[in-house]
1. So for Ser44, Ser116, Ser178, Ser77, fewest C-beta neighbours within 10 Å to most, what's the order?
2. Expressed as a rounded percentage, what relative contact order does region 53-249 have, with Cα pairs under 8 Å and six or more residues apart?
3. Could you pull out the GluC sites (Glu not before Pro) across region 44-97 that fall in loop regions by DSSP (anything but H, G, I, E, B) with no more than 14 other Cβ atoms inside 10 Å?
4. As a footprinting exposure proxy, order Tyr242, Tyr159 by other Cβ within 10 Å, with the fewest listed first.
5. Largest first and to the nearest Å, give the Cα extent of region 168-265 along each principal axis.
6. Hey, rough spin-label estimate for Glu34 and Leu215, points 7 angstrom out along Cα→Cβ, what's it come to in nanometres?
7. Rounded to the nearest 0.05, what FRET efficiency do Phe226 and Lys264 give with R0 = 45 Å and r taken as the Cβ-Cβ distance? Could you check?
8. Using the alpha-carbon atoms, what tilt in degrees (0 to 90, nearest 10) does helix 3-24 show relative to the longest principal axis of the chain?
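No lab work stands behind these numbers, since they all come straight from the coordinates. Small disclaimer: the values here were computed from a predicted structure and weren't measured. Positions of Cβ are generated from backbone atoms using ideal geometry, with glycine treated the same way; all protein chains shown enter the neighbour counts.
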Amino acid sequence: MSRAAVVVGLFAVGAIVLAQEKKDEPKKEPEKKEVKQYKPGDMSRPRPKVIDPGTTTPAEPPGKPPSDAVVLFDGTSLKEEWVRGGKDQEITWKVENGYAEIKGGNIQTKRKFGDSQVHIEWATPKEVKGNGQGRGNSGVYLGGFDEIQVLDSFNNDTYPDGQAAALYGRFPPLVNASRKPGEWQVYDIIAQLPKVEDGKVTRPGRITVLHNGVLVHHAVEFPGKFGEFNILLQDHGNPVQYRNIWVRKLGEYDDGTPPPEPKKK
Ligand code: MG
């Protein structure tokens with residue numbers, strides 16, 4: 001046998017052995033991505049990626065509300081639209097220089113809202129004090145939805161489902177789009193109530209949140225049946241400031257006016 005024939009022969013044997021081994025290998029199941037469950041406040045949860053939100057909703061100057069918005073706070077007074085949360089007492093929050101600063105209890109709107117777009121601007125204290133949940137803590141509550149956390153989450157580690165823009169105790173924001181302490185930040189929240197037909201929830205309530213113009217929750221569903229909500233701003237003992245608060249009712253397609261009559265020839 002020539003040397004070349006031996007070499008070819010060896011290759012052939014090798015290929016057969018390899019093919020045989022492949023055949024005997026147990027079939028691999030397609031890899032399933034495990035969805036890890038986390039308990040509320042779990043410090044082992046991954047930290048949302050930190051990003052610079054850019055300037056799609058600039059911190060300054062304050063934006064002007066759309067013409068069909070219900071303005072709940074334009075920087076001048078809380079008296080018309082707000083009451084102290086849960087108590088029939090006067091609001092003690094400080095209103096000056098176009099903002100309201102937390103002092104002495106939660107406040108909530110007199111009005112209730114259904115499906116709506118809610119715009120809220122807030123700033124944590126420029127002078128950084130405290131750590132974790134103790135730094136610039138406040139929060140936005142819309143009735144049956146979770147607290148949308150307000151916190152100084154700029155270089156301030158805490159449990160991810162409790163950082164700024166988290167749906168508290170459930171979901172961290174998709175990314176950490178926080179601005180620096182003292183800078184104005186923006187929440188745009190789209191809240192849809194559960195759809196109830198014949199007493200049954202046929203579509204759960206859901207919420208979408210943008211933090212400084214960046215999507216951080218998209219159509220997150222909420223179990224349960226709940227109706228219209230007051231907007232409540234939490235006093236967590238830190239002097240967080242608010243400004244430029246407005247709400248737009250979500251309309252339906254084709255809600256507008258009929259088209260003009262066709263012109264007669
Ligand atoms: Mg809070």
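1. Numbers: Ser44 9, Ser116 21, Ser178 27, Ser77 12.
Ranking Ser44, Ser116, Ser178, Ser77 by Cβ neighbours within 10 Å, fewest first, gives Ser44, Ser77, Ser116, Ser178.
2. Relative contact order of region 53-249: 32 percent.
3. Glu80, Glu90
4. Ranked by crowding around the Cβ, least crowded first: Tyr159, Tyr242.
5. In descending order, the Cα extents are 67, 40, 25 Å.
6. 2.9 nm
7. 0.30
8. 40 degrees
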